[in-house]
Every structure is written in structure tokens, then in C-alpha cells.
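Participant: Input: one structure, supplied below.
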């Protein structure tokens, strides 16, 4: 909703940089207040009047808003923020009948919707990011839409628009989730040089070896779980049985194309060995992790049919 209000204000301000923005809440409004704010000013100048929590307006105030909507002032934009639902529905219906523009802001709750939102934010700022890159960034930043939007804006501004894994890692190097899973993804996809580069970078920036092993383990176990599912099954149908979100299943299905059942078994063994090594069985955890990454990439080349 905040984004929709901001877009309206920006559009009006593009025509009149001196525009005044007035925020109102039902508790601070009394009959006649709207008429006072929207009446012509001796000093001129346009206004954007934003009524927050419009569902809480009483009947008299709703009637006043609807009267204004039927004959609005040419230099005043009125924005009523309504969360949806039955409460205050008469206001929404009345404004719609009066010809007001309705901007729907559906609540984003699913991981796939957040990825779509994040990619749209990049496009909005003139940038571009792949679906996998958006997922990596979302894993680093979290689920808060304001933080995701801010991250998109910052990355586009600082990189020139095209954002890849290296840029995400550079800006979010303090996030262990990005580092560990970046290593795992590169290894599982058979990209040895890139996986080792990500591994060394992660270790150099203080990511605990046990977190990297955990990411490797999750990645390889994901291959085993999805690889053992019925062929041709849709991700949405498998999500509940596998305990994985559909987008992640789709990602693993793509990664599986280079794997065999024997290869996954060998990769699981490599991860188990690395897990023991970083928990005290080896003197050099970094070497143990490099060997695990190399063994996983090598296991991928064992190409009997999965």
C-alpha cells in the first residue's frame, strides 16, 4: 500500500514539484475538515490528501468523502487507503462509482510471489535479475518487502542494472545463508572453479565451516529427495510430501539433469566425510571443504540414468 501511495504522490509531484502532501487518520478528522483542506487556497498550489485506515471512517465522514469525490477540486488528489474486507466497504464502492481509480495491493505471502515482487522491483528501477539471483537475494535479505525493495534499488544503483551472484555476494557477504548456499549451488551444478572461489570467499569473510557443510548437505539431500519422486510430477504436487517449497523443487529438478543415482550417493558420502572433518576429525577444515566440493563435482560426472 505504501508503494501505491508513493507512486500517486510521485506522479502528482512530477507535474507540480511544490505539491503539499497531507496525511489524515480517522481519529484526527472531524466533519468539515476535508472540505477545508480541499478548498481553493489564496496562495495557490496543489495538494495530495491521503486518508489512512479509511475503513475506520464513520458514516458522516464517509458521506463527506463521497460528496467530494463526485466533484473533486482540479488541483487536489485524494487517496483513501483501505485494507480490504467488509468494514468500510461502502466507501470503496462509492468511490468506485464516482470514477476513482482503484489500485489493488494483494498481500504477498508465498515465496514465489516475493520473487516476482523482487524481480519487478529491479525492472522498476531499470535493472535486471534472474529468478535464481532473486531467490538468492531473498534468502539473504529476508521476507520484509520494504527491505527487499531497498535492496533492489541499492543494487541497481551500484551495479548499473544487471545483478549477478557475484554482486549479491559482494553486498551481502555478512550473510552466511548466501555464502553457504552459493557454494552448494555451484558445486551441485558442476561448476568447480566458481564453487571453490565462493568457498574461499566465504571462509575469508568469516563464515563458519559448519554452516557451509550444512548448506552442502541440504543441497545434496534435496537432489536425493527430488530425484526419488515420481518423474513428471509437478512441483506444487510434490511440495507437501517433500517438505520443500515449489520454487525450490523446480530449481532442484533443473540441477538434477546432470546427476545419476550413484552420483548422488557418492556426494552424500562426501558431505558426511566433510561434516566429520569440520567437527574435529581433521586438522584443516578449509582443505576438507575444498575436497568435499571437488568430490561433489566429480560425483556429478557419474552419469548413469537417474
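Participant: Looking at (1) under 9 Å from the mean Cα position of the chain (by Cα); (2) in a helix (DSSP H, G or I); (3) modelled with pLDDT under 85, can you tell me which one residue 143 breaks?
Facilitator: (2)
Let's see how each residue does on (1) under 36 Å from the mean Cα position of the chain (by Cα); (2) within 21 Å of residue 67 (Cα to Cα); (3) surrounded by 14 or more Cβ atoms within 10 Å (Cβ to Cβ):
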residue: 6; (1), (2), (3): yes, no, no
residue: 9; (1), (2), (3): yes, no, yes
residue: 14; (1), (2), (3): yes, no, no
residue: 18; (1), (2), (3): yes, no, no
residue: 23; (1), (2), (3): yes, yes, no
residue: 27; (1), (2), (3): yes, yes, no
residue: 30; (1), (2), (3): no, yes, no
residue: 38; (1), (2), (3): no, yes, yes
residue: 46; (1), (2), (3): yes, yes, yes
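Participant: Considering only helices (runs of 4 or more DSSP H) fully contained in segment 205-306, which possess at least 1 residues that are surrounded by 18 or more Cβ atoms within 10 Å (Cβ to Cβ) and at pLDDT 85 or above?
Facilitator: Hits in segment 205-306: 209-227, 246-255, 261-276, 285-300.
Participant: Here's another thing I want to ask about it. Within segment 98-138, can you find the residues that are surrounded by 14 or more Cβ atoms within 10 Å (Cβ to Cβ), in contact with a helix residue (DSSP H, G or I) (Cβ under 7 Å, 6 or more places away or on another chain) and over 23 Å from residue 250 (Cβ atoms)?
Facilitator: Those that are surrounded by 14 or more Cβ atoms within 10 Å (Cβ to Cβ), in contact with a helix residue (DSSP H, G or I) (Cβ under 7 Å, 6 or more places away or on another chain) and over 23 Å from residue 250 (Cβ atoms): 98, 100, 105, 125, 127.
Participant: Filtering segment 159-190 down to residues that are farther than 13 Å from residue 132 by Cβ and in a loop (DSSP other than H, G, I, E, B), which residue is modelled with the highest pLDDT?
Facilitator: Across segment 159-190, the extreme among qualifying residues is 190.
The values are calculated or read from the model by the stated rules, or taken from the named source; none is laboratory data. Keep in mind that this is a model prediction, so the values were computed, not measured. In this analysis, Cβ positions are derived from the backbone assuming ideal geometry, glycine residues included, and neighbour counts consider all displayed protein chains.
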